[in-house]
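S.K.: Quick one: structure below, then a few questions.
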Amino acid sequence: MTVLWLALRTLRTRRSVFLGSVVALVCTCALITACGLLFQSALTSHPPTERYRDVPLVVAGRQSLAFTYGSGDGKNTEHVALPERVRPAADLADRLRAVPGVAGVVPDVSLPVGLAIAGTEIITPDTVQLHGWGSARLTPYRLTKGRAPAGPGEVVVDTDLARGAHLAPGSRVTVAATDRVAGGYTVVGVAAPHSADPRPAVFVSDAEASRLTAGLVDVFGVYPAPDADSTAVAKAVRRAVRGLPLSVRTGDGRGTAEFLDVDSALENVVALSATFGGISMAVALFVLAGTLALSVQQRRRELALLRAVGATGRQIRRLVGGETLALSLLACLPGLVGGAALAWVLRAVLVDHGVAPAAMRLDVGWIPLLVAAGATVLTAQLAVLVSGLRAGRLRPAQALSDASAPPARLGFGRFLLGLLCAAGGIAVVATTRFLTGGVLTAIAAGAVLLHLFAAGLLGPLVARLTLALLGPFIRGLSRTSGFLAVANSRAHTRRVTAVFTPLVLCTALGGTLLFLQTSRSHASEVQGRDRVLADQALTTRQGLPAGFVDTVRATPGVTAAAGLTPTTVVTGGSDGYAAQAVTFGGAPGTPGGTSGLLDLDVTAGSLADLRGDTVALSADQAHGKHVGRTVRLWLGDGTRRDLRLVAVYRRNIGFGDYLLPYAVVATHTTSPLIQTVLVDTAPGAHLDWQTLTTAYPGLHVHDHAALTDAEQRQEDLNAWTNYLLVALLLAFAAIAVVNTLVTATLERGREFATLRLTGATRRQVLRMVRWEAVLITAIALVVGAAITAVTLVPFSRGISGTGTPYVPPQWAAALLGSGLLLAMAGSLLPARAVLRTPPVQTAGTGR
C-alpha cells in the first residue's frame with residue numbers, strides 16, 4: 001500500500017514527466033478500441049431482409065467448405081468461405097413439400113438483366129434483377145396494373161421502373177439476359193412491393209425464368225401451414241436437409257441468403273480489423289516501451305535516491321509498475337472515447353470506398369471496450385517490464401554516482417535479445433523463397449516489427465556506431481554547436497535511442513508497407529500493360545451471355561474474341577485464389593487460345609489446349625507441377641473438380657492465378673453471365689458497333705487504354721485498405737515521435753541552464769538542439785532504410801519476380817522530409833519554451 005501511495009504521489013507531483021506516457025497510452029487505447037468496435041460491428045451486422053421479408057423460412061446453400069486435416073487429437077477442421085452462390089438442387093422442392101407442417105415451397109432465382117426502350121438503355125441506380133412471377137409472393141409484390149405474365153414474351157415491371165421509364169401495360173421493352181440476342185418483351189403488368197425495395201425488379205413467367213437460367217434455383221422459400229408452429233417447422237426442415245450442403249435461415253438470417261456480397265464484405269472487415277488490431281498492438285508495444293523507458297530514465301535521480309535510503313529492487317519495480325498501471329487506467333477513458341469516434345470515422349470511410357457494406361452499423365458494445373482497456377493495461381505492463389527490471393537492479397552504492405548520466409554499456413541480456421529479434425526478422429524474410437502472392441504482404445509487417453524490436457534493443461550500440469561515422473562530418477560543419485550536439489548525444493545514447501526509435505518506426509514500417517504496395521501496384525500496371533493485347537473490349541453493367549462471344553467473332557473485321565469471367569477457386573487451404581474463366585469465340589473446330597488478345601507470358605504448355613476439363617496455373621501456384629498433371633481444386637460454389645494442367649504463365653498480378661474454360665464454371669457462378677469480351681481486329685479495320693449496341697442494351701466499347709486503366713483502377717481500389725493501414729500507423733508513429741521528443745527536451749532544462757551559465761548563448765543552444773535533431777533523423781533514416789531494404793527486396797522478388805522494389809521518388813521524399821520536420825518541430829519548439837526561463841532559476845529547480 002505504501003508503494004502504491006508513493007506511485008500516486010509521484011504522478012501528481014511530476015505530471016510533466018508522465019504526460020508523454022499518457023499521450024502514448026491514449027493513442028494505443030484509441031487504436032485498439034477502434035479495431036475492436038469494427039470487429040464486433042462486422043460480427044453483429046446482418047444483411048437487410050428485402051425480397052424474403054414475407055417468407056418465414058429460407059433454404060439456401062451453405063456458403064462455406066470444410067476441410068479436415070489430421071486424425072485423433074490432432075484433427076483440425078478449417079472452414080473456407082465460398083464467394084459464389086451454392087445452389088440447392090431443383091428437385092429439393094419435393095422433399096421440402098413432404099415435411100410435416102409445410103404448406104408451400106416457392107423456388108426463387110435472380111438474374112441480372114439490362115433493359116432498353118427503342119434501343120435506349122434504361123438507367124437504374126442498381127442492376128435490374130429478373131425473377132419468376134411465382135417468387136413475387138416472397139416479398140410480396142402486388143399487381144397495381146395489368147395482369148401476371150403468362151407467355152414467354154411477357155414481363156411485369158416494378159412501380160419505380162414503370163414510373164422512371166414511363167412504362168405501362170402494352171409497352172415494349174428489350175431485355176438483355178442470357179439469350180445470344182436480347183429479346184423483346186411486352187409489359188403486361190406493374191407490381192408494387194409491400195414496402196420499399198431499393199433494387200429494381202422485373203418478373204417473367206416461371207417457365208421463362210427457368211429457361212433463361214437453365215433451371216437453376218437460388219433459394220427455396222418455405223411457408224408453414226397456418227396452424228403450424230414456425231419454430232417446429234424450421235427444425236423439421238433442418239432434419240429433412242441434414243447431410244446436404246444447405247442451411248435453413250430464419251429472422252435476420254434470411255438477408256444473408258439474399259445478399260452474398262454483404263456477408264463477404266463483412267468477413268473482409270472482420271479480417272481487416274483483426275489484422276490491423278494485431279499490428280497496432282505490436283506497434284503500440286514498441287512505442288510504449290520507448291516512451292516509458294524514457295520516462296523511467298529521466299527519473300533515475302529519484303529512483304537512485306530511493307535505493308540509497310533503503311528501498312529494495314522489488315519495491316522499485318512495484319513503484320514503476322504501479323505508476324504505469326495508474327497511467328494506463330487514466331488513459332483508458334479518453335482512449336475509449338477517442339477510439340469510438342475513430343471507429344465511427346473508419347466505418348464511414350470503409351463504406352464510402354466499398355470495403356464495408358452500408359448495412360454494417362457501428363456496434364459500441366461493452367465487450368470490445370473492456371478488451372481494449374485490458375489490452376492497453378497489459379501492453380503497458382509488458383512495455384515497462386524491461387525498464388522496471390533495469391531500475392530495480394540499481395545498487396545503492398552506485399545509484400547516486402551514475403544517476404545523472406545513465407550508463408552507455410549495453411547489457412548482455414538486452415544484446416542477446418536484440419540479436420534474436422534480428423535473426424527472427426531475417427528468418428521471416430527468408431521464407432519468401434517458399435511463399436508467394438498475398439501471403440507476402442501478410443507477413444511483411446511481422447518481419448519489420450522484429451527488426452524494429454532489434455533496433456530498439458540494440459539502440460545504444462547502433463547510436464554509438466552511427467555517431468562515430470557522422471560525428472566528424474557534423475563537427476566539420478559546426479565547430480561549436482555541432483561539437484556540442486555530437487558530444488551530448490554520445491554521453492546520452494540511451495536518450496538518443498528512446499528518441500530515434502519512433503522515427504525508425506515511421507521510416508521502416510511506413511516505408512516497407514507503403515513501398516510493398518507501390519511495388520505490387522506497379523507490377524500490376526506493368527503486367528496489365530504487357531498482358532492485354534486486345535484492341536477493344538465489350539462490357540455491360542449486368543454481364544454478357546456466353547453466346548455473345550460467337551456473335552462478336554462473326555462480326556466482319558474481328559480476328560479473335562474471347563470472354564472473361566472473374567471467379568474464385570479453393571485448393572484445400574484456408575484461402576481462395578482469384579481465377580478467370582475464358583470462353584473462345586468461333587465455330588467448333590476453330591483454333592482456340594488467347595493469341596492476339598492476351599499475352600500471359602506462358603512458360604510451359606499452351607493456352608490453345610485450354611478446352612474441356614483443363615486448367616492453366618500461374619507460376620506462383622504451379623509449385624513444380626508439370627504440364628499434364630492432374631490438379632484438384634474446388635470451384636467458387638464448392639464443387640470439386642480434377643483438371644488437367646495444360647499451361648503455366650507468369651503475368652498473374654491483377655488477373656488471377658487460375659485460368660479455366662468457361663464451360664467448367666458455367667453453372668457454378670452466382671451469375672451465368674460473362675463480364676468482358678476481348679476483341680482483336682484486323683489491321684486497318686474500322687468496326688461499326690452500332691448494330692450490336694442497338695441490339696444489346698447497355699453495351700459499352702472500350703479501347704486498349706481504357707481496358708488497362710480499368711484493371712489498374714481495380715488494383716488501386718484493392719490497395720486502398722493497405723494505404724489506410726499505413727496512414728493510421730504513420731499517424732500513430734508521428735504522434736509518438738513528437739511526444740517522445742517533446743518529453744525528452746522539456747526535461748533538459750538543467751542541462752540547457754548549465755550551458756548558458758558557462759557562456760553559451762540562447763542561439764547556440766538552439767543550434768545544438770537543431771544539430772541533435774539532424775543527427776537523430778540521420779540515425780533513424782539510416783536504420784529505417786536498412787530495415788526497409790532488408791525486408792522489401794526479398795518481398796518484392798516474391799511479388800514481381802524482381803528484387804528491385806518500386807519506390808516513387810515523391811513518396812520517398814515525403815516520408816524522409818516528414819521525418820526531419822517532425823524531429824525539428826519536436827525538438828526546437830519545446831527547447832524554445834525551456835529557454836524562456838532564466839538559467840539561474842532553471843538550474844536551481846532542475847526544470
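S.K.: Amide H to amide H, which residues 5 or more places from T480 or on other chains are under 5 Å from it, using H placed in the peptide plane?
M.R.: HN-HN under 5 Å from T480: empty list.
S.K.: What length, rounded to one decimal in nm, is gained on full extension from R239 through to A685, with 0.36 nm per residue of separation minus their alpha-carbon distance?
M.R.: 154.3 nm
S.K.: Is the shape of region 606-688 best called rounded, prolate or oblate, per the rule: a/c under 1.5 gives rounded, else a/b larger than b/c gives prolate, else oblate, with a ≥ b ≥ c the square roots of the Cα gyration tensor eigenvalues? Display every interim value, and only then the final one.
M.R.: Numbers: a/c = 2.14, a/b = 1.41, b/c = 1.52.
Oblate shape, in that a/c is at least 1.5 and b/c is the bigger or equal ratio.
S.K.: If you line up the long axis of helix 15-44 against the longest principal axis of the chain, both from Cα atoms, how many degrees apart are they, to the nearest 10?
M.R.: Taking Cα atoms only, the helix is inclined about 10 degrees.
S.K.: Continuing with this model, one more query. Sorting H704, H626 on the 10 Å Cβ count, fewest up front, what's the list?
M.R.: Working: H704 15, H626 10.
Taking fewest neighbouring Cβ atoms as first place, the list is H626, H704.
S.K.: For I367 and A430, FRET efficiency with R0 = 45 Å and r from the beta-carbon atoms, rounded to 0.05?
M.R.: Details: r = 39 Å, r/R0 = 0.86.
Using R0 = 45 Å, I get an efficiency of 0.70.
S.K.: May I pose another question? Using 0.36 nm per residue, how much length does the chain from T571 to T630 gain when fully extended, once their Cα-Cα distance is taken away? Before the final figure, lay out each step's value.
M.R.: Numbers: separation 59, 0.36 × 59 = 21.24 nm, distance 1.27 nm.
Gain on stretching T571 to T630: 20.0 nm.
S.K.: If a/c stays under 1.5 just call it rounded; otherwise compare a/b with b/c (prolate if a/b is bigger, oblate if not). Do that for region 722-823, with a ≥ b ≥ c from the square roots of the Cα gyration tensor eigenvalues.
M.R.: Numbers: a/c = 3.43, a/b = 2.53, b/c = 1.35.
Note, shape of region 722-823 comes out prolate.
S.K.: Translational diffusion coefficient, Stokes-Einstein: compute it for the chain using the Kirkwood radius over C-alpha pairs as Rh, at 4 °C and 1.567 mPa s, and state it as an integer in µm² s⁻¹. It would help to have the intermediate numbers written out before the result.
M.R.: On the way: Rh = 31.1 Å.
For the chosen part, D equals 42 µm²/s.
S.K.: While we're looking at this one, here's another question. Measure nothing fancy, just the Cα-based angle from helix 762-800's long axis to the longest principal axis of the chain, in degrees from 0 to 90, nearest 10.
M.R.: 40
S.K.: Okay, next question. State the antiparallel share, in %, of DSSP beta bridges confined to the chain, rounding to the nearest 5. Numbers along the way, then the final one.
M.R.: On the way: 75 of 93 bridges.
So the antiparallel bridges amount to about 80 percent of the total.
S.K.: Quickly work out the Y723-to-A825 label distance, labels modelled 7 Å from Cα along the C-beta direction, and quote it in nm with one decimal.
M.R.: Using points 7 Å along Cα→Cβ, the separation is 2.2 nm.
S.K.: At 0.36 nm per residue, and after removing the present C-alpha to C-alpha distance, how many nm does the segment from S64 to R180 gain when stretched out fully? Show your work: numbers first, answer last.
M.R.: Working: separation 116, 0.36 × 116 = 41.76 nm, distance 3.30 nm.
Extra length available between S64 and R180 comes to 38.5 nm.
S.K.: Taking a ≥ b ≥ c as the square roots of the Cα gyration tensor eigenvalues, with a/c under 1.5 meaning rounded and otherwise prolate when a/b beats b/c, else oblate, which class fits region 57-257?
M.R.: Note, shape of region 57-257 comes out prolate.
S.K.: Which one, Q297, W344, I279, projects farthest toward the positive side of the charge dipole computed for region 248-354 from Cβ point charges (K/R +1, D/E -1)?
M.R.: With unit charges placed on the Cβ atoms, the residue in question is Q297.
S.K.: Only Cα pairs under 8 Å and at least 6 apart count here; give the relative contact order of the chain as a rounded whole percent. Don't jump to the answer; show the numbers that get you there.
M.R.: On the way: 1591 pairs, mean separation 142.9, N = 847.
About 17 percent, as a whole number.
S.K.: Helix 412-430 sits at what angle to the longest principal axis of the chain, using alpha carbons and giving 0 to 90 degrees rounded to 10?
M.R.: With both axes taken from Cα atoms, the answer is about 20 degrees.
S.K.: Between A663 and H623, what is the label-point separation in nm under the 7 Å Cα-to-beta-carbon projection?
M.R.: 2.9
S.K.: Can you give me the long-range amide H partners of I674? Hydrogens built in the peptide plane at 1.01 Å from N, cutoff under 5 Å, separation of 5 or more residues or another chain.
M.R.: L544, A546
S.K.: Further question: Note down the magnitude of the dipole of region 57-257 about its Cα centre, charges +1 on Lys and Arg C-beta and -1 on Asp and Glu C-beta and zero elsewhere, to the nearest 20 debye. Don't skip to the end; give the middle numbers.
M.R.: Working: 21 positive and 19 negative charges, 69 e Å.
The dipole magnitude comes to about 340 debye.
S.K.: Now, a different point. Size of the dipole of the chain about the Cα centre, Lys and Arg at +1 and Asp and Glu at -1 on the beta carbon, nothing else charged, in debye to 20?
M.R.: The calculation lands at about 5440 debye.
S.K.: Please turn the phi angles of region 661-669 into ³J(HN,Hα) values with the Karplus equation 6.51 cos²θ - 1.76 cosθ + 1.60 (θ = phi - 60°), one per residue in order, whole Hz, x for glycine and proline.
M.R.: Along region 661-669, the couplings run x, 4, 4, 5, 10, 3, 9, 10, 10 Hz.
S.K.: Run the simple label-point estimate for R641 and R762 please: 7 Å along Cα→C-beta, distance reported in nm.
M.R.: 7.8
S.K.: Ranked by Cβ crowding within 10 angstrom, fewest neighbours first, how are L346, L821 ordered? Intermediate values should be presented prior to the final figure.
M.R.: Working: L346 23, L821 13.
Ascending number of Cβ neighbours within 10 Å: L821, L346.
S.K.: From the residues Q315, A201, V187, which one has its Cα farthest along the dipole of the chain in the positive direction, the dipole being from +1 and -1 charges on Cβ of Lys/Arg and Asp/Glu about the Cα centre?
M.R.: Q315
S.K.: Order these by the 10 Å Cβ neighbour count, fewest first: E208, E154. Before the final figure, lay out the partial values.
M.R.: Values: E208 24, E154 20.
Exposure proxy ranking, most exposed first: E154, E208.
S.K.: Taking the C-alpha atoms of region 263-373, how large are the radius of gyration and the largest Cα-Cα span, Dmax, in Å?
M.R.: In order Rg, Dmax, the Cα atoms of region 263-373 give 19.9, 64 Å.
Just so you know, all these numbers are worked out from the coordinates, no wet-lab data involved. A quick note: this is a predicted structure, and the numbers were derived from the prediction, not measured. Neighbour counts are summed over all protein chains in view; Cβ atoms, including those assigned to glycine, are modelled from backbone coordinates with ideal geometry.
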